[in-house]
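Please treat every number below as a calculation from the coordinates, not as lab data. No experiment lies behind these values; they were computed from the predicted model shown. Neighbour counts are summed over all protein chains in view; Cβ atoms, including those assigned to glycine, are modelled from backbone coordinates with ideal geometry.
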Amino acid sequence: MNNIRLGIPEMKEYWDGLYKKVQSDNASNDEKKMYKKVGKAMYMLSINPRHPGLKTHEISSLTKRYGMKVWESYLENNTPAAGRIFWVYGPDRGEITIIGLEPHPNDNSKAYDKITLSSTGSTIEHVD
């Protein structure tokens, strides 16, 4: 089982804010749905990052830009602009750091250029 970490500051702030809204019953229906989707994806990543439902695959353009293997997993399928979660292995063995959450980019070759990812907060070595 992998320990899930949140990239800083964006992913940690996003998740903490979403969590607080859901717990205090102040979340919109869309926020509640997103909370469930992200929570499920993080759980599945912790159990098996290569679970078939996640459709995990490396994004080579982001790997090249960030200097570490960046993976994309599905939050949902068959929906316009379906959500994707971006993550890396590390910083320690048995850890996965969530560094981005975006709608699925369009299919053009520069689609991933617009994606900005959170910092992992430390040096990451790829562990596979």
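What is the fewest-to-most order of M1, M34 by other Cβ atoms lying within 10 Å of their Cβ?
By the 10 Å Cβ count, ascending: M1, M34.
Which residue, chosen from N48, G100, Y19, occupies the Cα position most advanced towards the positive end of the dipole of segment 3-114, where the dipole is computed from +1 (Lys, Arg) and -1 (Asp, Glu) charges on Cβ about the Cα centre?
Of the candidates, N48 comes out farthest on the positive side.
About the Cα centre of segment 1-106, how large is the charge dipole given +1 on each Lys and Arg Cβ and -1 on each Asp and Glu Cβ? Please answer in debye to the nearest 20.
220 debye
Which values, in whole Å and largest first, are the semi-axes of the equivalent ellipsoid of segment 3-114 obtained as the square root of 5 times each eigenvalue of the Cα gyration tensor?
For segment 3-114, the ellipsoid semi-axes come out as 22, 17, 14 Å.
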